[in-house]
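Participant: Quick one: structure below, then a few questions.
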Amino acid sequence: MTYSYRSRVAGTQLVALLLAGATPAISQDTTDDVLVLDPITVESAAEELKQAPGASTISSDDIIEQPVSNDVSEIVRKMPGVNLTGNTTTGQRGNNRQIDIRGMGPENTLILIDGRPVLSRNSVKMGRSGERDTRGDSNWVPAEAIDRIEVLRGPAAARYGSGSAGGVVNIITKKTDQPYASVTLYGEMPEHDEEGGTRRANVVFGGPLGELWTYRTILNYAKTDGDDPDINADATPEGESVAAGREGVENKDFSQLFEFHPDDENTWGIELSYSRQGNEYAGDTQFREVLEDLELSDEDGNVVGTESLIGEETNIMRRGVLALTHRGEYAFGDSNSYLQWEHTENERLMEGLAGGGEGVINSPEYGTITLDTVSAKTEWNVYSDLGGVNQTFTFGADYRGEWMDDDISNQMGLVVDVPGSETDPADRDSETNAQLVGLYIEDNILLTDEITLTPGLRADWHSEAGFNLSPSLNAAWQVSPEFSVKAGVSRAFKAPNLYQLNPDYVYYTRGNGCPVDYPNLGAGCHILGNPDLDPETSWNKEIGVNYNNAGGWNAGLTYFHNDYQNRIAASLEPAATVFAGYDENGDPEYTQVFRWENTKEAVIEGIEANLRVPLLDSLTWSTNATMMLNSEDKETGQPLSLVPDYTINTQLDWSVTDSLDLLVSATHYGETPSPEKSVTSGAVIENPESRDPYTLVDLGAVWQVNDVWRVNAGVKNVFDERVFREGTSNNAGANTYNEPGRTFTLGLNATF
């Protein structure tokens, strides 16, 4: 937003200006003896960074033209620098794909809803390889309730603190200052019976409540069925177990927002929301090959196989949020503040915690992990012409506290005594917590009419990982009215999560899972959390050029380079080797103790490009591309995540008439390299297989029948380019997920 104003200034506002060190240009109006501010046209640092090379916006119209099945990650993945992948290269939980920005992994993508963090996935235990059995946090808002999605990458995202080293996805919901009601029905029917279909229904309504209040209500129900358990059978090598397809998911969402507008300067809000996500089990495990061998008893005591659970609900995520917000628009600047409580209940059938049975359902009983997160933030932008230079200062402070109660994932015992860890699970405290406090300052400086400079400094203190300092510097040069150059550098960070920090969170491999360089010494290997971890850090750098003319042409090219340090992973070298007793032959046995550790350097670099061409007044061609030049752990030489070497997204948008739009879009994924070593053991993978290139083409039409009714229809994956999962873990190389085949879509919307 660009601010240009001429307004009366109250005495308290002038005091605030002086305390902030700001000196606005002031002139005397002799007609009524009031002070008047001269115009200032400097954006805040946040608004300036939304125009950085690593920034994209998805509008509500984009979502209408390219409807998502259930999760907005489907459309976010079409932005430059974005793909979907798991946390590591293992292939475990391969169909639980989440937003991965610039190859930094989902754990380095911070999801926000209306600028507030969403952290429910942190309630899901992190396996030894770094994977979580989670759908992520991008599916808590129905697509029809979204006004826009802001995607920030690299230096533009680092200002948001822990977890934003890759980028930020800010899902901004619709507000209803005017009377508004929308009812939507949407469905998807796959051509292939073994793939799950989708149906969704929701209402969004709101408007004024008297002169000072407004409200907005969201009600949503959505259901996507799971794939057939044998969907990947034909793609599975002979003699190997069939990997599971995509799980289904059922969403029930409610959100109620009230806003109070006492005057033109202040807006107060209170929001209460509740969501329930339940899965439809597709048979996935961390090690699929053991699924058929396990047995458990049902409620009547009958012994049944784990496969009998396929199609049933085996895990439920419940998320409740209470948020208080304030926005201010003053003569001296603006402010945005919130206080949010997020409560998550992660309820699921109990799973194994050791060896080949890790992550495999082994009980008909449910266990629940709860996570309470309190987030608070206040940010103030103050306009100034300090030193004769127009600028906007930003002052901010935020807080994030996490409290977890988990007596499910910490129940693996130790076969030896380890200092700092309780050997007997019964002696362990189920509650863990951590606090994070951050302060930051930025200054968006208009040095000349052509050059803008934005320095910043952020300081964070984490209760377990200590102090972290994050400087940043972004610059923009408007070379001509049509050509600009922008660059940025920032230090991003991510605090260790509660599982990585907890010395009582234990994984036990009984032998075969020990690192290849440290084989089993008779009593297996333990991997424990580590309370002495440092934050992960990354120096994110980018430089981009952009051409934009009045005729609608737009072209850009950006180079990014991230130096990733202190990445947290389960170590492949033991912290200790402990005597565990004697075997049946009287020979000594030892167990090796490994911990989560900060690893050495990694590097990620690539190129992003975009092009928009107005072919006709009614026909526009848009394309973006991402090329990964490097993604390498310097210690192991392995990639950090499974993303294609390059990705190209292109689309033709044709406004046939004022009421009819047609869209043709295609995404081409280049080869996805396979890791050559196992991330869990360091063993060399035999015959690593890369994912071959493939292309997905979609067609869509939107018909605005009249002022009330809208119909949209389309075909996803027109040419039925199906992609199959060939296994779990590293035996499948990069072939660890499914892409569904041809699917027909139909949506009906009424807006009043």
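Participant: What strands (runs of 3 or more DSSP E) completely inside segment 595-698 contain at least 3 residues that are touching a Pro at 6+ places or on another chain (Cβ under 8 Å) and under 23 Å from residue 165 (Cα atoms)?
Facilitator: Answer list for segment 595-698: 602-616, 619-633.
Participant: Across segment 307-333, what is the number of residues that are out of contact with any helix residue (DSSP H, G or I) (no Cβ under 7 Å at 6 or more places or on another chain) and closer than 30 Å to residue 404 by Cα?
Facilitator: Here the count works out to 16.
Participant: All but one of (1) closer than 28 Å to residue 95 by Cα; (2) at pLDDT 90 or above; (3) buried (at least 21 other Cβ atoms within 10 Å of the Cβ) hold for residue 640, so report the exception by its number.
Facilitator: (2)
Participant: Read through the list (1) in a loop (DSSP other than H, G, I, E, B); (2) closer than 16 Å to residue 313 by Cα, then give the number of the only condition that residue 193 fails.
Facilitator: (2)
Participant: Filter segment 685-713 down to the residues that are within 27 Å of the chain's Cα centre (by Cα), surrounded by 15 or more Cβ atoms within 10 Å (Cβ to Cβ) and under 22 Å from residue 246 (Cα atoms) and list them by number.
Facilitator: 690, 691, 694, 696, 697, 698
Participant: I'd like to check something: does segment 706-720 contain any residue that is closer than 21 Å to residue 227 by Cα and outside any loop (DSSP other than H, G, I, E, B)?
Facilitator: Looking through segment 706-720, at least one residue is closer than 21 Å to residue 227 by Cα and outside any loop (DSSP other than H, G, I, E, B).
Participant: If you don't mind, another one. Go through segment 361-381 residue by residue and tally those that are of a type in the set (Asp, Glu) and under 30 Å from residue 439 (Cβ atoms).
Facilitator: Number of matching residues: 2.
Participant: Of all residues in segment 598-622, which are within 22 Å of residue 639 (Cβ to Cβ) and not polar (S, T, N, Q)? Can you show your working first?
Facilitator: Filtering segment 598-622 for residues within 22 Å of residue 639 (Cβ to Cβ) gives 598-609.
Hits for segment 598-622 are 600, 601, 602, 603, 604, 605, 606, 607, 608, 609.
Each row is one residue, and each column tells you yes or no for (1) closer than 25 Å to residue 286 by Cα; (2) surrounded by fewer than 17 Cβ atoms within 10 Å (Cβ to Cβ); (3) modelled with pLDDT under 95.
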residue: 158; (1), (2), (3): no, no, yes
residue: 177; (1), (2), (3): no, yes, yes
residue: 216; (1), (2), (3): no, no, no
residue: 230; (1), (2), (3): yes, yes, yes
residue: 234; (1), (2), (3): yes, yes, yes
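Participant: Give 666, 713, 701, 750 a once-over and let me know the one that is among the small types (Gly, Ala, Ser) and over 24 Å from residue 78 (Cα atoms). Give the derivation first.
Facilitator: Numbers: 666 fails: over 24 Å from residue 78 (Cα atoms); 713 fails: over 24 Å from residue 78 (Cα atoms); 701 fails: over 24 Å from residue 78 (Cα atoms).
Result of the check over 666, 713, 701, 750: 750.
Participant: Does any residue of segment 492-509 turn out to be surrounded by fewer than 21 Cβ atoms within 10 Å (Cβ to Cβ), in contact with a strand residue (DSSP E or B) (Cβ under 8 Å, 6 or more places away or on another chain), touching a residue at least 12 places away in the same chain (Cβ under 8 Å) and among the charged types (D, E, K, R)?
Facilitator: No.
Participant: Name the residue that is surrounded by the fewest Cβ atoms within 10 Å (Cβ to Cβ), counting only residues in segment 74-100 that are of a type outside the set (D, E, K, R) and in a strand (DSSP E or B).
Facilitator: My answer is 84.
Every residue, every condition in (1) at pLDDT 90 or above; (2) crowded, with 21+ Cβ neighbours inside 10 Å; (3) of a type in the set (Val, Ile, Thr), yes or no:
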{"site": "353", "(1), (2), (3)": "no, yes, no"}
{"site": "363", "(1), (2), (3)": "no, no, no"}
{"site": "370", "(1), (2), (3)": "yes, no, yes"}
{"site": "373", "(1), (2), (3)": "yes, yes, yes"}
{"site": "376", "(1), (2), (3)": "yes, no, no"}
{"site": "380", "(1), (2), (3)": "yes, no, no"}
{"site": "387", "(1), (2), (3)": "no, no, no"}
{"site": "392", "(1), (2), (3)": "yes, yes, yes"}
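The values are calculated or read from the model by the stated rules, or taken from the named source; none is laboratory data. Note that the structure is a prediction, hence the values are computed from the model and not measured. Every residue, glycine as well, gets a Cβ built from its backbone with ideal geometry; the counts of neighbours run over all protein chains shown.
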